[in-house]
Amino acid sequence: MRLSRLVLRHFRNLQNQELELPSEGVALIGDNAQGKSNFLEAIYYLETLRSFRSARDDQLVRFGEDVFRIVGTAESDGSAGDGDGDGGAEGDGDTAQGDRGGPTEIAAAFQQRGRKKKVTIDGQEAERLTDALGRLSAVIFSPADVELVSGGPSERRRFLDIVLSLNERGYMKSLQDYRKILQRRNAALKAGAPTSSVAAWEPGLVRSGAEVMAARRRWVHAKCAAFGDYYAAVSDEARAVMSYAPDVSIPPGAESEGAASTEEAIADAFREALHDSFERERRRGVTVVGPHRDDVRLRLEDGDEGMDLRDYGSGGQRRTAALALKLVEAMTIRQHRSRNPMILLDDVFAELDPGRSERVLELMEHEEIGQVVITAPKDADVRIRRDQLTRWRIADGVIEA
Ligand code: ATP
Ligand code: MG
């Protein structure tokens with residue numbers, strides 16, 4: 001996909017303006033604190049309807065204003081893809097993205113007063129926000145991605161949840177169900193409700209939880225090799241391995257069975273874990289097992305030796321692993337949505353050594369990617385699609401196209 005037009009109104013420090021984006025993409029050059037990341041934040045908002053920097057919506061409204069509004073026109077860049085995806089039911093390309101015909105206009109607005117968010121697709125208000133997600137098929141790379149590796153398990157769960165919500169039909173619903181039921185079960189535990197009323201939440205918790213775990217597990221298994229390949233391509237060093245570390249231990253052999261029975265095996269394991277920890281939950285007043293405590297382990301393997309990247313990785317190794325994760329995200333879009341992902345790069349090469357940056361760039365040039373929007377403080381830092389990319393300047397929120 002590509003973004004052909006962007007209209008900004010009262011978003012962060014950005015001047016109200018309307019921009020036509022070249023189909024190859026654009027490089028936005030400007031000093032620190034001029035609005036480069038804000039610009040990418042606005043674009044990516046149209047993909048996920050939230051800030052990629054996990055800012056709250058009210059923080060995105062320009063100081064002193066009441067409403068921000070972003071309107072974008074997304075067009076197919078002709079990348080119908082070959083649709084040879086991962087196989088499986090989710091590979092049919094219409095997860096949440098509507099039709100593939102002409103341009104789509106995505107408009108998102110948030111009003112401080114009343115805390116109202118409104119999203120329209122081609123002028124029609126989206127009934128549920130989930131219906132409006134993923135319209136750009138974009139992936140954003142930013143220096144903060146390193147937190148995916150350095151940070152706690154919740155960072156990695158959030159990454160999984162975003163990727164799967166955008167690319168696997170039904171995931172978002174399972175996740176929302178799980179969270180809702182978990183909350184109620186926790187409330188019952190906390191209130192010291194009778195065992196029967198805590199138990200009433202169990203079937204729903206187990207079902208939705210098993211769906212979430214099965215999808216996470218499937219994705220990590222399917223993409224582990226690609227993660228290792230990307231890591232190796234960028235770093236020229238030991239093999240990186242990504243593995244799913246569910247809080248509920250899943251019996252080995254579950255994968256050899258069909259998808260439905262895998263989910264059943266996971267559900268059985270979850271149910272059992274809940275029973276085993278019930279006394280502890282009673283005492284603590286909270287659900288202590290389940291996918292809300294999952295993690296994804298990222299390791300470097302070298303023969304029999306191995307190390308966890310979070311605990312022992314160097315800055316550059318962690319950054320490389322984070323980049324590999326994002327490249328896998330882009331690959332997921334290609335496979336599941338049959339679209340070339342739009343790539344947003346927020347000053348990402350600043351922190352990699354020259355060899356690594358060179359290899360990332362090479363890799364990106366070879367992958368099928370769509371439009372590229374890159375920000376950098378200096379012209380010389382823009383090395384992707386060197387000659388094709390139009391240069392824009394930004395100063396104090398004003399973009400000179
Ligand atoms: P760097 O190169 O340092 O990453 P940048 O160009 O990416 O800089 P941004 O993160 O886009 O900079 O931020 C630019 C400015 O936006 C900041 O100086 C900040 O004060 C301002 N800003 C942030 N939120 C708002 C807001 N809601 N209203 C007005 N200005 C804001
Ligand atoms: Mg920035």
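The values are calculated or read from the model by the stated rules, or taken from the named source; none is laboratory data. Keep in mind that this is a model prediction, so the values were computed, not measured. Neighbour counts are summed over all protein chains in view; Cβ atoms, including those assigned to glycine, are modelled from backbone coordinates with ideal geometry. When the accessible area is computed, the model is the full protein with side chains, heavy atoms only, and any ligands, DNA or RNA have been set aside. Shrake-Rupley method; radii C 1.70, N 1.55, O 1.52, S 1.80 Å.
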Length released on extending from residue 112 to residue 65, taking residue separation times 0.36 nm less the Cα-Cα span: 16.1 nm
P(r) of region 146-340 over all Cα-Cα pairs, binned every 10 Å from zero, in whole percent: 9, 33, 32, 20, 6, 0
³J(HN,Hα) computed for each position of region 388-399 - Karplus, 6.51 cos²θ - 1.76 cosθ + 1.60, integer Hz, glycine/proline x: 7, 7, 5, 9, 10, 10, 10, 9, 6, x, 9, 9
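Can you give the accessible area per residue of the chain, in Å², using a 1.4 Å probe? Display every interim value, and only then the final one.
Working: 17660 Å² over 401 residues.
Result: 44 Å² of accessible area for each residue.
With charges set only on the Cβ (+1 for Lys and Arg, -1 for Asp and Glu), what does the dipole of the chain come to about its Cα centre, in debye to the nearest 20?
Working: 57 positive and 68 negative charges, 376 e Å.
Computed about the Cα centre, the dipole is about 1800 debye.
Using DSSP H assignments, which helices in the chain have an axial alpha-carbon span of 20 Å or above and a mean Kyte-Doolittle hydropathy of -1.0 or higher? Don't jump to the answer; show the numbers that get you there.
Details: long enough: 153-167 (21 Å, -0.29); 171-190 (28 Å, -1.06); 202-235 (45 Å, -0.04); 259-276 (26 Å, -0.27); 315-337 (33 Å, -0.37).
The qualifying helices are 153-167, 202-235, 259-276, 315-337.
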Computed accessible area, residue 219, all protein chains, 1.4 angstrom probe, square angstrom: 10
Surface share of carbon and sulfur [accessible, 1.4 angstrom probe, percent] for the chain: 46
Simple Cβ-charge dipole of region 146-340, Lys/Arg +1 and Asp/Glu -1, about Cα centre, in debye nearest 20: 1060
Theoretical gain in end-to-end length, residue 391 to residue 54 [0.36 nm per residue, Cα-Cα removed]: 118.5 nm
Net lengthening on full extension, residue 276/residue 314 (0.36 nm per residue, minus Cα-Cα): 9.8 nm
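Let me have the relative contact order for the chain, percent, based on Cα pairs under 8 Å that are six or more residues apart.
Details: 741 pairs, mean separation 106.1, N = 401.
Over the chain, the number comes to 26 percent.
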Point-to-point label distance, residue 17-residue 128, nm (Cα→Cβ direction, 7 Å offset): 3.8
Within the chain, helix-based [θ] at 222 nm, where runs of 4 or more DSSP H residues each add -39,500 (n - 2.57), nearest 500: -12500 deg cm²/dmol
Partner lysines for residue 180 [C-alpha distance under 20 Å; skip if fewer than 8 residues away on the same chain]: 190
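In debye to the nearest 20, how big a dipole does region 326-401 give about its Cα centre with +1 on each Lys and Arg Cβ and -1 on each Asp and Glu Cβ?
Details: 12 positive and 15 negative charges, 59 e Å.
The calculated dipole for region 326-401 is roughly 280 debye.
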Pairwise FRET efficiency - residue 24 versus residue 169, Cβ, R0 = 35 Å, nearest 0.05: 0.65
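Just to verify a number: FRET efficiency for residue 195 and residue 158, C-beta to C-beta distance, R0 = 41 Å, to 0.05?
Details: r = 33 Å, r/R0 = 0.80.
E(calc), rounded to 0.05, equals 0.80.
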